[in-house]
1. Under the 0.36 nm per residue contour assumption, what length would be gained going from the current alpha-carbon distance of His52 and Asn230 to full extension?
2. Using a probe of 1.4 angstrom, how much of the accessible area of segment 178-291 is carbon and sulfur, in percent?
3. Go ahead and run the numbers for FRET between Lys340 and His203, Cβ-Cβ distance against an R0 of 56 Å, rounding to 0.05.
4. Which whole-Hz ³J(HN,Hα) couplings does segment 102-111 yield from phi under the Karplus relation 6.51 cos²θ - 1.76 cosθ + 1.60, θ = phi - 60°, glycine and proline marked x?
5. Determine, from the Cβ-Cβ distance of Ala7 and Asp149 and an R0 of 41 Å, the FRET efficiency 1/(1 + (r/R0)^6), rounded to the nearest 0.05.
6. Just to check I understand the Karplus step: with θ = phi - 60° and J = 6.51 cos²θ - 1.76 cosθ + 1.60, what whole-Hz values come out for segment 7-17, glycine and proline as x?
7. I need the semi-axes of the equivalent ellipsoid of segment 267-318: take the C-alpha gyration tensor, multiply each eigenvalue by 5, square-root it, list largest first in whole angstrom.
8. Report the Stokes-Einstein translational diffusion coefficient (µm² s⁻¹, integer) for segment 40-139, Rh taken as the Kirkwood radius over Cα pairs, at 20 °C with viscosity 1.002 mPa s.
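The values are calculated or read from the model by the stated rules, or taken from the named source; none is laboratory data. Model, not experiment: these values are computed from the prediction. Methodologically, a virtual Cβ is constructed for each residue, glycine included, from the backbone with ideal geometry; neighbour enumeration extends over all protein chains shown. Areas reflect the complete protein model, heavy atoms only, side chains present, ligands, DNA and RNA absent. Shrake-Rupley method; radii C 1.70, N 1.55, O 1.52, S 1.80 Å.
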Amino acid sequence: MDSPMLAAMSDLAVEMRAIRHDIHRHPELGFNELRTAALVAGRLRAWGITVHERIGKTGLVGVLNAGTSERAIGLRADMDALPIHEATGAPHASIHQGISHSCGHDGHTAMLLCAARYLAQTRRFNGRVHLIFQPAEEGQAGAQAMIDDGLFERFPCAEIYALHNWPSLPAGTVATRPGPIMAAADRFEVTVRGTGGHAAQPHLTSDTILCAAQIVTGANTLVARRIDPNAAAVLSVTCIHGGTAHNILPSEVRVTGTVRTFDPVVQDKIEAALRELVEGTAKAAGCTAAIEYVRYYPATINDAECVKHVLETSRALFGRALVSDTPAATSEDFAFMLRKVPGAYVWLGQGSDNHAASLHHPRYDFNDEVLATGAALLAALAERRLT
Ligand SMILES: [Zn+2]
Ligand SMILES: [Zn+2]
């Protein structure tokens, strides 16, 4: 740690770790982050930062001013936990049965709090920093809930940045990429209906099981045969439900799955092809089929100029930064914020030695060793943009 910024963050490390462990011990699911939000608000106020609560239900925004400029930079952390029973055995393990911070949002919140504290103490910038603590990232679109509550009208941001810990990268490595970095996430549910009946008299029925099986097989050819091999997409069928006994052909079968894409054109194409496949296959089988197709998170698209700023800042602070070759097929609701404001989503390596577990794994725990790195990067991203 050679820069003054990193030295300052190292001084805050003990407190940051205590905050992280406190949040980790008391995880809360999406839109229930009452204790976490109160902890964050209390800390921000104690450091002289104005706090606006209940934005997107349990979200909050801290506003920090210095100098005369109206220009504002947004820094965002997510606060919610997952419905996973923790198996880390850590002294700070969750005290709530079946809920844990298995995605490391406790670390994100602690890092942004630490960056806030540093920026409040030093105020070596001219403008405004909007510290955005959002709820419900895990599948409930807390970012969109904050936007719907007027986040960017009330707290306009010229640019916005967010970090996510990344277990597969070496500890402290900062990585990002211009353009798509996380996938759009869609889910589909197909309901196949037909005439059920006796399994020994299939000619008197329309076999929904066989029809569903053909839909599953057909769906798995769509990416390979209908999408340009140079584009990236994933389609996975994840549930099939139907039938009650060995001698009954059921009248209804449900097939569920997910689609991940990085380009809206590819997304449109897969949805249209799947609808066609479902309708055509059902017709050929003498069944009917309804499809519910929901696009719940868009692709996370980084602004090239903001990515450049992240890479330059990381190189200035740590002497290195990584440009990732490929995006991840997982998804992220920061995507909603990036549709409104240019910015960048950044991965922060967790290291693979003592933090081998992947995100959403019962043994996953955020690596405290990278708290100072992440906090320094967040603070510097704002500071260097508001000179
Ligand atoms: Zn997650
Ligand atoms: Zn996450």
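1. On the way: separation 178, 0.36 × 178 = 64.08 nm, distance 4.53 nm.
Additional length available on full extension: 59.5 nm.
2. So the carbon and sulfur contribution to the accessible surface is 55 percent.
3. 0.45
4. For segment 102-111, the Karplus-derived couplings read 7, 10, x, 5, 4, x, 4, 5, 5, 5 Hz, x marking Gly and Pro.
5. 0.60
6. 3J(HN,Hα) across segment 7-17, in whole Hz: 5, 5, 5, 4, 5, 8, 4, 5, 5, 5, 5.
7. Numbers: eigenvalues 431, 16, 11 Å².
Working through the eigenvalues yields semi-axes of 46, 9, 8 Å.
8. Result for D is 146 µm²/s.
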